Each structure stands twice: as structure tokens, then as C-alpha cells.
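Here, each number is a calculation from the coordinates, and none is a lab measurement. Computed from a predicted structure; not experimentally measured. Cβ coordinates were reconstructed from backbone atoms using ideal geometry, including for glycine residues, and neighbour counts include every protein chain displayed.
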Amino acid sequence: MDHCHTSDLISLDQALEKLLTHTVPLTATPLITTETINLTESAGRITATDIISPINVPSFDNSAMDGYAIRLADLNENQTLPMAGKALAGIPFQQEWPNGSCIRIMTGAPIPSGADAVVMQEQTEVTATGIRFTHPIKPGQNIRTIGEDISQNTVVLPKGIKLSTTQLPLIASLGIATVDVVRKLKVAIFSTGDELQAIGEPLQAGQIYDTNRFAIRLMLEKLDCEIIDLGVIRDDPDALRHAFIEADKQADLVISSGGVSVGEADYTKQILEEAGKISFWKLAIKPGKPFAFGKLENTWFCGLPGNPVSAVLTFYQLVQPLIAHLSGFTAWQPPMRLTAKTTTPLKKSPGRLDFQRGIASLNEYGELEVQTTGHQGSHIFSSYSLGNCFIVLERERGHVAAGETVQIEFFNYLLKNQ
Ligand code: AMP
Ligand code: MG
């Protein structure tokens, strides 16, 4: 049961606002935060400068078709010209071009100087006196002109984008071999709790496996961060204090999980209050109410809740945009919300914004539908693997009946591979 008064909870939007306004992107600090790397190693990295084209694309006028290059003024009444030579892709026609003749040309071949149209092969016939042009011809037809796609010295891609398959080949097509990117954000992570056992070790009485650190690692890898894994920290003030000091020395951002609620053994709060300027939030979202955020001596700090479903959700909804902000990824977009009809009833009590896990699909009419993954407890991690989206239920909403309209957010690449 949730006995908390909902008035002292802070909304997701307020929390995001605080995270983004109280932190400073790497690129806005006086430190050296950019590096020049090979284009071939830059997938997933954030551009630190605008990418300017050093060349025109195409870099020369060339043919869009296999056919014949002509000078319109050469055309006679019977529309027939003898062939004077060939231009192939990579092998320009460089001889003298006699008046009253045409040049065989292939796709991608440079347009011979003086030509003002290319006639596609399908609109010609070979006759005894030369090539006959059977269709009307427009000046400039089938010529790809220099700089038509990209002109030299213009911005091709802005700074603040994450490089991927949609941009890297474009940069390669400009002959650019290296790019300036923001250095990777260094993120120190640790889990807290005496009950946590490492994967592969047998469980002793009362122990559980450490799921959170693994989940957080995987998401940080997808976000292309440099990870400093400090392992499991026992519920012991000295161990925790030491972990915070180490993390603060090495990282830009420190993320812990567990120990931010009000349990007896939760020392994090006490240590953090000594270590820096930290706020303990009660978020008006479910799962994931407790969340700590603040500044250690050198670094930013996020304390995620211990329950694995909550830890992943708060990472996804809060830490993901924070990391984008800190990394100079200004083009980052929050997950898009779509409208769907639920085919199952959804249990919900008013007071918090719910992120239930759902399975979305298109029905036979092509409409978006969603169903619950089942039990929504914050310890039911299998709900993520069953689901493909969050069902986002407004804060004041109560139970939802089958057939009602809801908002959904498809899991992005942090949670799914497709
Ligand atoms: P806490 O916030 O530390 O009180 O933890 C809340 C719940 O989450 C407890 O049931 C913990 O055992 C569990 N928990 C905390 N950390 C982890 C973790 N790293 N992996 C899995 N469960 C955890
Ligand atoms: Mg704990």
C-alpha cells in the first residue's frame, strides 16, 4: 500500500527540469572535452563541431543515364549525329569534340565540356549515318550538376548529433576521414546492499543477485559511455563513503542503486549528505518513487531506487536525458508517445504517473492496440522482456477499462534491439 501523501511528490517533468537546469554539459566546461577520431570508429559518438563539406557533391557535372551527350546547337533536321567518342565513369572524354557529333556516355561519367543535354539510350536509334534522337530534348536533361546535392563549405550535419548509419556514409562521401566528437562521458556505477550476490556465485540465505548494475551497465554501453564499475558496496558507512570518494575522483557522473528509500540499513542518505549537495526526491511516478540527485565534489550523482524495475525505469526516464544533456547530445529527442486502445483492463490508483509495461501491436484494421504484460510489481523484471512499450497512465487517472484509449511509448534501443 502506498501511504504517501501525493502532494509532496515531484512530477517527472519537474524532476527532468531540475536535472537539466542544474547540470552543465561537458562541452560547456573549461575542460578539454572533444577529441578527433577516425570516421570508421565514430558510430554512436556525438559531434562536437558542425561538419562542413570540403567539396561539392557531385564534385563535377555527370550523366544520370546511359546514353549520348549532345550540344543542342549541333542537332540537324533529321535529328541524327555521328558518334565521336566515349565518356565512361572514371574515364572522361578529353579529345577534341568535332562539331555536329555526339558522344556515347555512361551513368556517372563526366559531362564532356560544352554538352548541354544527355539523351537516354532508350530515346535513340542507331542508323547508318549516326545516332538518331527520337524524342524531344530539353536543355540540361539527365545532367547531375556540380554541388546539386551538397555545396562546398556548407554545414552538412550540425554539432550535437549522435553519429549513425544515416550520417556516417554521407560524411564518407565527402572524403572526410576524421571527425571531432565529444569525449565519452565517464560514468561510475555501483550497487548497494548486503543482500547482493555476484552472478555465478551460489545464493546464501536472504541473498539475491545484483540485477541493477548489470542493467545499468548495458544501458550505459548503448549510450556509449565510459563505465567505471565499482561493484557492490556493502551497507556499511565506511565502505560507502570510500565508494563515493573513489567514484567522484574518476567520473563525470556517479550512479548508484538502492539505499535511497527509508529502510533501516540505508546509509546512502547519511553518507551523501556528508559527501555533497544531494536532494532526495519522491517522484510522482510508478514504479520508481525514491530518487536522489545532486552534486558531489566534482561530479553529478543519481541514486536510483533498489527495485530493478524501478531502477531501469528511472534510468530510462531521467538518467537517459541527463546523459544526453551532459554529453552535448542536443539533438536527443524524448520518447514519442502514441495513442493506443488497451485490450485489457489496467489497474491504477490516482496520484502517480504510471509506466506500466505493455505489449503493443496493430490489430486487423491497422489500429494500434496494447495489452498489459501482467503483474506490474517493481520486482517483476520479466515484464520488460515480455513487453515492447510503456503504457503511460496520467497521474490522476484511476483504473482503466478494456477499450479505453491510453498513451504508449515504444521501448527504444536502450531496452530492445529492434
Ligand atoms: P533498497 O532501495 O536498497 O531498500 O532496495 C529495495 C529493494 O530492491 C530490495 O528488495 C532490494 O533487495 C532490491 N535491490 C536493491 N538493489 C538491488 C540490485 N542491485 N539488484 C536487485 N535487487 C536489488
Ligand atoms: Mg538496500
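Across the chain, the relative contact order, built from alpha-carbon pairs under 8 Å that are at least six residues apart, equals 16 percent. Entry for the chain at q = 0.07, 0.08 Å⁻¹: log10 I(q)/I(0) = -0.52, -0.62, Debye formula applied to identical alpha-carbon scatterers, no solvent contribution. With each label modelled as a point 7 angstrom along the Cα→C-beta vector, the K269-M120 pair spans 7.4 nm. Just to verify a number: FRET efficiency for E297 and W332, C-beta to C-beta distance, R0 = 30 Å, to 0.05? According to the calculation, E is roughly 0.65. For Y413 and T343, FRET efficiency with R0 = 25 Å and r from the beta-carbon atoms, rounded to 0.05? Taking R0 as 25 Å, the efficiency between T343 and Y413 is 0.40. Note on the range 28-157: antiparallel DSSP beta bridges, both residues inside, total approximately 85 percent of the bridges counted.
Plainly put, the range 135-259 has a radius of gyration that is 1.33 times its Kirkwood radius, both from alpha-carbon atoms, as the Rg/Rh ratio. Measuring nothing but how far apart in sequence close Cα pairs (under 8 Å, 6+ apart) lie, relative to its length, the range 264-418 scores a relative contact order of 22 percent. Restricting the calculation to Cα atoms, the range 70-173 yields a radius of gyration followed by a Dmax of 18.3, 61 Å. Under a model in which nothing but the beta-carbon of Lys, Arg (+1) and Asp, Glu (-1) is charged, the range 281-418 shows a dipole of about 420 debye around its Cα centre. Placing R0 at 56 angstrom, the Cβ-Cβ distance between L386 and T36 gives a FRET efficiency of 0.80 after rounding to 0.05. Less than 5 angstrom separates the built amide H of L157 from those of I51, all sequence-distant by 5 or more or on a different chain.
Nearest 10 degrees, 0 to 90: what angle lies between the long axis of helix 212-222 and the longest principal axis of the chain (Cα atoms)? The angle comes out at about 20 degrees.
Around the Cα centre of the chain, unit charges on the Cβ atoms of Lys, Arg, Asp and Glu (plus for the first two, minus for the last two) sum to a dipole of about 360 debye. Of all beta bridges that DSSP places with both ends in the range 230-308, some 65 percent have antiparallel geometry. Enter the Cα centre distance for the pair the range 316-367 and the range 159-214, rounded to the nearest angstrom. Measuring centre to centre over Cα atoms gives 21 Å.
Using a cutoff of 8 angstrom between alpha carbon atoms and counting only pairs six or more residues apart, the relative contact order for the range 115-272 works out to 20 percent. Across the range 381-393, rounded Karplus estimates of 3J(HN,Hα) from the backbone phi angles (6.51 cos²θ - 1.76 cosθ + 1.60, θ = phi - 60°) give 5, 4, 4, 5, 6, 6, x, 10, 7, 9, 9, 9, 10 Hz, Gly and Pro being marked x.
Taking trypsin sites (Lys or Arg not before Pro) across the range 308-364, the ones in a DSSP loop with at most 16 further Cβ atoms lying within 10 angstrom of their Cβ are R337, K347.
Expressed to the nearest 5 percent, the antiparallel share of DSSP beta bridges inside the chain is 65 percent. Using only Cα atoms, tell me the angle between helix 12-21 and the longest principal axis of the chain; keep it within 0 to 90° and round to the nearest 10. Value to nearest ten degrees: 70. Near the amide H of C102, within less than 5 Å, lie the amide hydrogens of M83, A84, all on another chain or at least 5 residues away, with H placed in the peptide plane. Over the chain, DSSP H runs of length four or greater, each weighted -39,500 (n - 2.57), average out per residue to a 222 nm ellipticity of -4500 deg cm²/dmol. Close amide-amide hydrogen proximity is noted between Y209 and Q197, each under 5 Å apart and 5 or more residues distant or on a separate chain (H modeled in the peptide plane; Pro and chain starts excluded).
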